[in-house]
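Step one of this worksheet: look at the structure below.
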């Protein structure tokens, strides 16, 4: 059985001279959505997880308590991994979950720029694994160019707002598919009432 080769980077294209050059990043219009509960945050993550094909980077931004880890639980669920096993990797740096694709979940909150350079985090951008990065702003310019950015903020009294921005062509396709999937209303369950006389 032949070994499976990692997919090539979606960020490169061949120039007329045969060399490789960087493809300019595509940026789609940001999409804002209100998440009124943990269940809605989980649903957003689950829909995203279902759509992932391998090699995507999901960069998560937001204060503590805005739902970053809850969103990653949903992604794990959409990938067929056990969502309740997902916890914030603040002290361990990296957690890996097995589903139909590997999910690499990392939290950069406690890392300095110097520590980040020594983690080898870039090695996980391999064309197969999904990389979900909490506190992604700490990676700075090292973030992969093709990524889906999700900014989570508190929205009083108890909701969260998610603003999703695609950076790069693959992330743009992913965001369009996610918006479409999230716009489909789930059927409501109608319970008939029978009168007892």
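Ordered by the number of other Cβ atoms lying within 10 Å of each residue's own Cβ, fewest first, 130, 150, 50 fall into the sequence 50, 150, 130.
Shown for 154, 105, 42, 145: other C-beta atoms within 10 Å of each C-beta, ranked fewest to most, produce the order 154, 145, 42, 105. For the pair segment 67-120 and segment 128-143, the centres of their Cα atoms are 10 angstrom apart.
Values in this text are rule-based calculations from the coordinates and carry no lab data. Here the structure is a predicted model, which is why all the values come from computation and not from measurement. Note that we place each Cβ from the backbone using ideal geometry, even for glycine, and neighbour counts take in every protein chain shown.
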